[in-house]
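Just so it is clear, none of the values below were taken in a lab; they were calculated from the coordinates. All values derive from a computational prediction rather than experimental measurement. Heads up, the Cβs are rebuilt from the backbone with ideal geometry, glycines too, and the neighbour counts pull from every protein chain shown.
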Number of protein chains: 2
Amino acid sequence: MKTVKTIEAMRRLVKAARSRGKSIGFVPTMGALHIGHISLIKAAAKKTDFVVVSIFVNPTQFGPTEDFGKYPRPLKADLEICRKAGVDAVFVPAAKEMYGEGKLTWVNVEKLGEPLCGEFRPGHFRGVATVCAKLFNIVMPDIAFFGQKDAQQAVIIKRMVVDLNMPLKIVVCPTVREPDGLAVSSRNQYLSEKERKYAAYLYKSLQKCRQMVAGGVRDSSKIRSQMRRILNNVPSIKIEYISIADAESLEPVKRLGGRVLAAVAVKIGTTRLIDNVLLDAGGK
Amino acid sequence: MKTVKTIEAMRRLVKAARSRGKSIGFVPTMGALHIGHISLIKAAAKKTDFVVVSIFVNPTQFGPTEDFGKYPRPLKADLEICRKAGVDAVFVPAAKEMYGEGKLTWVNVEKLGEPLCGEFRPGHFRGVATVCAKLFNIVMPDIAFFGQKDAQQAVIIKRMVVDLNMPLKIVVCPTVREPDGLAVSSRNQYLSEKERKYAAYLYKSLQKCRQMVAGGVRDSSKIRSQMRRILNNVPSIKIEYISIADAESLEPVKRLGGRVLAAVAVKIGTTRLIDNVLLDAGGK
């Protein structure tokens, strides 16, 4: 496994792999790797010949009051995880390497970045789209892999790739969960023991949604009020949003039909957690 | 010479050329080709092995009151010019092929798109940057060629390529001029015989600027007032701006130093014309 810090070295590695006829798979991450990331790496190794992981805690997707400073950066452990998972190359640029020339240019996906997390993290998805555009242009993968856990991010990146005719495919992999249902996330390590137990109720609320849809309920507000009841009963949880939206446009639906995204965001103490499920509510 | 209308066919042609070891040169145009475009094609043919020209009157860079509808589209003549100039492939997509999936995603280069033409054409450079990003992703050239005539566009596209780490180089070629100094432009054909004569004064005003700088004048307002005097003496000319700006940041300078861009924009009747010269005003 090669670990490189410069854009030029990264380009060289990919070029060499491609000249040997290999297809390129790419897993962009912010490090603090966990079994969710490993599942993306495994998917990449299955579908492509040469797997690149990037580890970059991107400053432009954090708000001024967010956890950029304290975001975990266990680089040694991350590299060990990559090595064991069979990654071919890890790209670990410094912020100066990525933004040394300044950052006047932004890629913005209108509308899709506004609801859900966009309301609570202004500028976040502009930062995500821009850094992904940069990373895609550096790594030039055939396929890039994202997790369903960050559902809105996945929708936005897919849209950006289509709209800008970027020459790659996006594959979205299922959310990996702890035994009690909690979606695996680098931010789970912020939770105290008590908070960790409470956090399982995010998925419980989403399961309630799934059950109600399976039982034939199509009224969004009815479902959401049941979900809200579950989350409001948990100490220390502060709900940011409970949304049922069209899975592509991310516009909220009143009456469920077709593919919908049920998504929740909460704060437990100072830790922000999100989760979602994709549901097929059948013909509209 | 191949002429293709679909993104897929364009990608196939480039891929085939690249697999034969050829480097790709790209000249994006809105058609109505003239000797300015031909000079770009010649530059591309000199520096690369396989020259692609795109002809696409991009709707998203025209304002609602601008000349999108009447912009000349002499496709047959354009293709003949390309053929004679030795172009390898012409990409002529319909608007639906370029924007069929919608256009939620925008590439915006902040600051650089605000002054000069940006003030008079809001949204123009966002449209230009976005369509160039799309075309670069479709054609995947090694080098793309732009004219110095559209100086602000060239600065913005160069910046976008650097900021987003796009894997290509931008080459900016000198403005091609008529014998009386008028910069060649597809929009010159809008001018009446009289207006055509008046139009030569744009370059006369820029030459005045050049002379003053050569003569040691460094006070921007002094130079601009001389330029204004020249243009104000011409019937039917309405000045939009006369600017002397830093050649990279495009910020107006009070005292000239280093590389500066002297740029003018006027309306003659209903026709909007722009021109500029790059000057080296020496150590600041």
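Side notes on the structure shown:
- For chain A, the antiparallel share of DSSP beta bridges with both residues in that region comes to about 55%.
- Cross-link pairs beyond the 21 Å C-alpha cut-off, checked among A:Lys76/A:Lys267; A:Lys96/A:Lys169; B:Lys47/B:Lys84; B:Lys47/B:Lys111; A:Lys46/B:Lys22: A:Lys76/A:Lys267; A:Lys96/A:Lys169; B:Lys47/B:Lys111; A:Lys46/B:Lys22
- Copy-to-copy label distances for B:Arg12, where each label lies 7 Å from Cα along Cα-to-Cβ, are 3.7 nm in order of increasing length.
- Here is how far apart the B:Gly63 label points are across copies: 3.5 nm, shortest first, using a point 7 Å from Cα toward Cβ.
- Chain A: calculated mean residue ellipticity at 222 nm from DSSP helix runs of at least 4, using -39500 (n - 2.57): -12000 deg cm²/dmol
- Its relative contact order, with pairs defined as Cα atoms under 8 Å and 6+ residues apart, puts chain B at 16 percent.
- Each part reduced to its alpha carbon centroid, region B:57-104 and region A:64-143 end up 35 Å apart.
- Rounded to whole Hz, the Karplus (6.51, -1.76, 1.60) HN-Hα couplings of region B:259-267, x for glycine and proline: 7, 10, 10, 9, 9, 10, 9, 9, 10
- Trypsin sites (Lys or Arg not before Pro) restricted to DSSP loop in region A:4-91 with at most 13 other C-beta within 10 Å: A:Lys5, A:Arg20, A:Lys70
- For peptides B:147-154, B:29-36, sequence by mean Cβ density within 10 Å, most packed first: B:147-154, B:29-36
- For GluC sites (Glu not before Pro), the sites in region B:64-106 that DSSP calls loop and that have at most 15 other Cβ atoms within 10 Å are B:Glu66, B:Glu101.
- Dividing the mean sequence gap of close Cα pairs (under 8 Å, 6+ apart) by how many residues region B:132-277 holds gives a relative contact order of 20 percent.
- The charge dipole of region A:186-278, taken about its Cα centre with unit charges on the Cβ of Lys, Arg, Asp and Glu (plus for the first two, minus for the last two), comes to roughly 320 debye.
- Shortest-first distances to equivalent copies, position A:Ser225, nm, label 7 Å out along Cβ: 7.3
- Cβ-placed point charges (K, R +1; D, E -1), dipole of the protein assembly as shown about Cα centre in debye, nearest 20: 500
- Rel. contact order, % - alpha carbon contacts under 8 angstrom, at least six apart, region B:1-108: 38
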